[in-house]
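Visitor: If you scroll down you'll find the structure; I have some questions about it.
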Ligand SMILES: NC(=O)c1ccc[n+]([C@@H]2O[C@H](COP(=O)([O-])OP(=O)(O)OC[C@H]3O[C@@H](n4cnc5c(N)ncnc54)[C@H](OP(=O)(O)O)[C@@H]3O)[C@@H](O)[C@H]2O)c1
């Protein structure tokens, strides 16, 4: 049977589900950045306009960058801009190929919209409860099964310890 590319989220959230503050991440976690790079390498990355701007409008190298905005004239050198989420996901899946994986990398608006549609969540649970203005939705344990988990102690370049987890959609 012909399958489709998987649609996955990758996110780092505090114990209070905070993911962002003032357009930036509320922590520095070098080891989680290495994890992020490893998981997303070679895969299409899909993001909202605010997350694109948080990257200082530089595309993530070695990955196709797809950005969602209502602004058809958004400057996005090295990325492709979409005004329609379904069209962006369809393009991501086409780029990934049938056995590939499309990565939604944020932010809060995109995660909220994509969570009901996606197959897998790469979740970094950061051992902190920082102030923030952007949140990740609670994962319903009836809908999401934890299949993998690895703790990381706080290294020299990490503000906090964290645990990387993988959740698969049930059913
Ligand atoms: N901790 C993490 O893992 C993580 C990951 C990524 C980002 N973040 C943080 O999250 C924050 C940004 O998240 P956010 O929720 O504020 O913004 P966002 O999801 O990155 O982007 C929101 C923007 O996407 C566009 N958009 C959303 N839905 C759309 C639709 N249906 N049609 C067309 N355009 C649509 C709109 O752009 P226009 O306004 O241009 O129309 C909207 O303003 C930052 O603090 C960032 O650092 C954290």
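The values are calculated or read from the model by the stated rules, or taken from the named source; none is laboratory data. Values in this document were obtained by computation on a predicted structure and should not be read as measured data. Note that each Cβ is placed from the backbone with ideal geometry, even for glycine, and that neighbours are counted across all protein chains shown.
Visitor: Filter the stretch 115-126 for residues that are surrounded by fewer than 17 Cβ atoms within 10 Å (Cβ to Cβ) and either within 14 Å of the ligand (Cβ to nearest atom) or farther than 12 Å from residue 104 by Cβ (or both) and give the result.
Guide: Answer for the stretch 115-126, where residues must be surrounded by fewer than 17 Cβ atoms within 10 Å (Cβ to Cβ) and either within 14 Å of the ligand (Cβ to nearest atom) or farther than 12 Å from residue 104 by Cβ (or both): 116, 117.
Visitor: Taking residue 64 and the conditions (1) within 14 Å of the ligand (Cβ to nearest atom); (2) under 15 Å from the mean Cα position of the chain (by Cα), which numbered condition does it fall short on, given that it satisfies the others?
Guide: Residue 64 satisfies every listed condition except (1).
Visitor: Hey, can you tell me all the residues within the stretch 2-38 that are away from the ligand (no atom under 12 Å from the Cβ) and part of a helix (DSSP H, G or I)?
Guide: Within the stretch 2-38, 30, 31, 34, 37, 38 qualify.
This table checks each residue for (1) touching a helix residue (DSSP H, G or I) at 6+ places or on another chain (Cβ under 9 Å); (2) within 20 Å of residue 19 (Cβ to Cβ); (3) in a loop (DSSP other than H, G, I, E, B); (4) modelled with pLDDT under 95.
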site	(1), (2), (3), (4)
62	yes, no, yes, no
66	yes, yes, no, no
73	no, no, yes, yes
95	no, no, no, no
102	yes, yes, no, no
112	no, yes, no, no
131	no, yes, yes, no
147	no, no, no, no
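Visitor: In the stretch 67-93, which residue that is exposed (fewer than 13 other Cβ atoms within 10 Å of the Cβ) and more than 14 Å from the ligand (Cβ to nearest atom) is farthest from residue 8 (Cα to Cα)?
Guide: 77
Visitor: Against the definition (in contact (Cβ under 8 Å) with a residue 24 or more places away in the chain and within 14 Å of the ligand (Cβ to nearest atom)), how does residue 131 come out, yes or no?
Guide: yes
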